[in-house]
Structure formats: C-alpha cells, structure tokens
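Q: I have a structure here, written as structure tokens, and I will follow up with some questions on it.
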Amino acid sequence: PLIQTLPSSGYQLVRNVLCAAIVEDTFFYWSHRAFHTQALYAWHKTHHEITAPMSLSSTYASPLDFLFNIIATVAGFILACDTFLAGVLWLSLRLYLTTEIHSGYEFPWMLDQAIKRCSYLSFLEDIYAGSVHHDA
C-alpha cells in the first residue's frame, strides 16, 4: 500500500504530526499574509466580516481564501504524514486548533494558550500563525 496503517514507533507519529504542522503553518502564514495585501484583501475581507469571536467564523471565507486554507492543511497531510494514523491525528488536531483559535475563549488548558505559557515553547509564538498573528 502507498500508506501504512500504523506508524512503526511513537517517534514516527509525533514527527509526522509536527512536520505536518510546520508545512501547514508555513503555507498558511504566507498565504494569509498575502491575502492581507491590497491586491488580495478583497478576497479575504469576507473572513473579517464576523466581528464576534466564534468557532464557525474559522471557515467563513471567500471560495479562493477557503481553497488556500484547505491547500495548506492538505499539504501538511500529503507531505508529512506517511501513516493513516498520523494523517487522522493531524487532520483532527488541525480542525481542533482552528476551532479553538477562533472561539474567543482563553482557557488555560487550551493548546493555543499552552504554547504562549511555556517558556521552552516560546519560540513557537514567532512562527505559529495562531491568534497572535491572525490580523498581521
């Protein structure tokens, strides 16, 4: 088969998911930044029409903007996940995070908040395209 069902180790699973996150986050950050330029903002402004934070606003976008969001997530899956379990875990984590980031809540147990709190993960705030950089 082209893709294994289970990873050979826990290390492989974690590596796959982290690599998928890096691929997705890099693509998303730069495409989102491009959508905030004068040339593309007309396609992106739909996403900012909802001013109250709510989870469903994460998918409220123009077709072109939505397509680029999907490409980012799928690129992480295709380029980094070599097992079915890693792919399912990555897609589940991505859906959870986009819902969490747009929810407007900041509970201490949220992954987005944990990244901000942990000093040894503070370098991720500079590259993580979470709510900190959402309107950059």
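Q: Ignoring ligands, DNA and RNA, please state the percent of accessible area on the stretch 1-70 from carbon and sulfur, probe 1.4 Å.
A: 70
Q: Take residue 26 and residue 49, extend 7 Å from each Cα along the Cα→Cβ direction, and tell me the distance between the two endpoints in nm.
A: Placing both labels 7 Å along Cα→Cβ, they lie 3.4 nm apart.
Q: For residue 33, tell me the accessible area in Å² from a 1.4 Å probe, rounded to the nearest 10.
A: Around 120 Å² of this residue is reachable by solvent.
The values are calculated or read from the model by the stated rules, or taken from the named source; none is laboratory data. Every value quoted in this text rests on a predicted model; they were computed, and no experiment measured them. Reconstructed Cβ throughout: ideal geometry from the backbone, glycine too, with neighbour counts over all protein chains shown. Protein only, heavy atoms only, side chains kept; ligands, DNA and RNA dropped before computing areas. Shrake-Rupley method; radii C 1.70, N 1.55, O 1.52, S 1.80 Å.
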